[in-house]
Structure formats: structure tokens, C-alpha cells
1. In whole Hz, what ³J(HN,Hα) sequence does the range 105-115 give by Karplus (6.51, -1.76, 1.60; θ = phi - 60°), x for Gly and Pro?
2. Describe numerically, in nm with one decimal, the distance between label points set 7 Å from Cα along Cα→Cβ at LYS48 and at TRP145.
3. Sequence-distant or interchain residues sharing an amide H contact under 5 Å with LEU69, placed H: which?
4. Can you work out the FRET efficiency for the pair TYR110 and VAL22, with r the C-beta to C-beta distance and R0 = 35 Å, to the nearest 0.05?
Amino acid sequence: MTGGRLSGYLRRYWVCIPLAGVVIAAMGWAALTPIRTESRDNLFEIPKGTWARRMAGNKVEILPAEIRLTLGVRDILVLKNLDDVPQVFGSILMMPGQSFRLPFEMAASYQFACTAHVSGQMTIVVDPNPVSPWARLRWRAGNLWRSGQWQ
């Protein structure tokens, strides 16, 4: 190896060391720092005219088939009916203009009847509180991914 090539490799090596240190420090922070958040309302709105469009035969997909929440970060499901007709979510009848807040106490998968959903069903998956370092790291990475920060 010539002196010029060797010095090029050494330069890259010394640039990569601090970069790797920053990545390791960030991952360590994400894994070891407890997750502290205020109440996080996950708002889903049923737009005005949804029922009329569905009755006209249009395939209206306003709500996801599955909503994911996490215990321990105080995720609360909030549904708001902006439509002209009442909507049913589980055993709750939401009149036009009404909102409904649903906090969850247990990690599980919940099935609800939902008149605003194309299939008439909605699944709410409540994940457990991310208490271990790896769980916190996965939770933070998943939040970044879902928020579109990496896309």
C-alpha cells in the first residue's frame, strides 16, 4: 500500500470513530432514558358527509383497520364525529359533533364494532409499557418511523 492510500484510509477511520460514538450514544440514550410524556390524545375524526358517501356506494376509508396505542405513555383514543348522522363505536353512540375519549388500562387487542369503518369493525392494539432498554429503543424507533421522520 502506498503512503497516499494509507493516509486516505486513516482519515476515513478517524472520521468514522466519532460518528460511531455519536450513534452509540444516541442509541444508549434512547434505550436507557425512561419515557415521560403528557397525555397523548390520538385523535381520529369522522368527516362530514361520510355516511352519505358510503350510502351512495363510495368506498370511504377514513379510519385505519388497526390503531396502535401504548400503555405507560398515556395514549388515549379520541374519536370525533363531524358527520351529519350518529355513529356507533362499540357500545357508544356518538351524536353529530360529539367526541369520545377512551383510555386503556390493559395491554391487549380489542375489537370494536364501528359504523364509520368500511368493514364495520376496528381493532385497537394496546402495547405494553416499554420498560426494558430494548423495548424503549424499539418504541422510540417505531414512533420515528410512523411519524415519517425516516421516510
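1. So the Karplus estimates, Gly and Pro as x, are 10, 10, 6, 5, 10, 10, 10, 10, 6, 8, 6 Hz.
2. 3.8
3. Residues meeting the amide H criterion: VAL125, VAL126, ASP127.
4. With R0 = 35 Å, the Cβ-Cβ based efficiency is 0.30.
Rule-based calculations on the coordinates, nothing more; no lab input. From a predicted model like this one, the values you see are computed outputs, not experimental measurements. Methodologically, a virtual Cβ is constructed for each residue, glycine included, from the backbone with ideal geometry; neighbour enumeration extends over all protein chains shown.
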